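Chemist: Before anything else, here's the structure in question.
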Amino acid sequence: MLGKAGRSLLRMAVQGRADDEDANEALRKAIESNRPEKVTRALKKGANANLKDEAGQPRLVLACLDSHEAILELLLASGANVNKKDNNLRGPLYHASAKSQLEAMQVLLDHEACVDAKDAVGRTALMHACKAKTLHVVDLLLRFKSSVLTKDLQGKFPLMLACEDDGSLELVQKLVVAGADVNMCADDGRTALHEAAMKSALAEVVYLVEQGANLGALTDRGETALSLAQAWGNTDVEAYLAGFSYLTPNEGVP
């Protein structure tokens, strides 16, 4: 049995845990309500700046969702890990970029957030921004030297993602200027040109060809950019590529 001193220590320990829980909950509420002064108070009371909530989101991620830059600075100054990830392996920089929170991104990058950290599907913040066609986010990530040559778990890469869906000529140009390889292939052999031809992105197709894209490149299924344009009924792209129909597979434009 515990003596008087032992019972006293136990009560102190229990009270200490309760105080920590109160401080951590106060910190969460202060972040969500964007109250820097309450964040400071909770941190002084011992709140854990690296704690995750029940959904697996670190405190920094909560602050990124609504671009609370002052709170980000407070958390980082209190030892919050700038690269701590949620349960999907997405860190604060991913969440800030997904919300187009440029100020929050700048704070994180200034505190040496890993610009090429990958999530559970192998994508970086830049790759997600290319998929979403958020040019201002791409500009900031490229300024911090995010790689244009990295691949996700499917073998897709930034330039290919930029050509998906509606495509974006300006985005494709930015990536090529930053060093993207116009003949880089996904795991199934597709290049950015294949993707652009399939999506009827004529402006992107013309630009990629001008930059040296290989019109004769074959996918693993033996498809060329021209055959994909034909299969998808993209007549404008087909008409343009047909002008190079003399090319044999894997032969470039002379």
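Chemist: Count charges around Leu109 for me, please; just the other residues with Cβ under 12 Å from its Cβ, Lys/Arg as +1, Asp/Glu as -1.
Modeler: Within the 12 Å Cβ shell, the charges total -2.
Chemist: Follow-up question, since we're still on this one. So what is the relative contact order for the range 9-145, in percent, with contacts set as C-alpha pairs under 8 Å and at least six apart?
Modeler: Value for the range 9-145: 17 percent.
Chemist: Given the -39500 (n - 2.57) contribution per DSSP H run of 4+ residues, what per-residue ellipticity at 222 nm results for the chain, rounded to the nearest 500 deg cm²/dmol?
Modeler: So the calculated ellipticity at 222 nm is -15000 deg cm²/dmol.
Chemist: Evaluate the distance, in nm, between pseudo-label points positioned 7 Å from the Cα of Asn48 and of Asn34 along their respective Cα→Cβ axes.
Modeler: 2.8 nm
Chemist: Once a ≥ b ≥ c are taken as the square roots of the eigenvalues of the Cα gyration tensor of the range 108-157, is the result rounded (a/c under 1.5), prolate (a/b larger than b/c) or oblate (a/b not larger than b/c)?
Modeler: Details: a/c = 1.98, a/b = 1.34, b/c = 1.48.
Oblate shape, in that a/c is at least 1.5 and b/c is the bigger or equal ratio.
Chemist: Let me ask something else. Under a point-charge model restricted to the Cβ atoms of Lys and Arg (+1) and Asp and Glu (-1), what is the dipole moment magnitude of the chain relative to its Cα centre, in debye to the nearest 20?
Modeler: Charge dipole of the chain: 1600 debye, to the nearest 20.
Chemist: What percent does the relative contact order of the chain come to when contacts are Cα pairs within less than 8 Å and at least six residues apart?
Modeler: 10 percent
Chemist: What's the Cα-based Rg to Rh of the chain, Rh via Kirkwood?
Modeler: 1.20
Chemist: What is the calculated FRET efficiency for Asp22 to Ala70, with r their C-beta to C-beta distance and R₀ = 22 Å, to the nearest 0.05? Each step should come with its number before you reach the end.
Modeler: Working: r = 23 Å, r/R0 = 1.04.
After rounding to 0.05, the efficiency reads 0.45.
Chemist: Right, here's the next one. Pop a pseudo-label 7 angstrom from the Cα along the beta-carbon direction at both Asn81 and Val121 and give the gap in nm to one decimal.
Modeler: 2.4 nm
Chemist: How far is the Cα center of the range 204-241 from the Cα center of the range 113-135, in Å?
Modeler: 26 Å
Chemist: Would you mind classifying the range 154-254 by shape? Square roots of the alpha carbon gyration tensor eigenvalues, ordered a ≥ b ≥ c; an a/c under 1.5 is rounded, otherwise it is prolate if a/b is larger than b/c and oblate if not.
Modeler: It is rounded, given that a/c, with a ≥ b ≥ c, falls under 1.5.
We did not get these values from a lab; they are worked out from the coordinates using the rules stated. Here the structure is a predicted model, which is why all the values come from computation and not from measurement. Cβ: placed from backbone, ideal geometry, glycine included. Neighbour counts: every protein chain shown.
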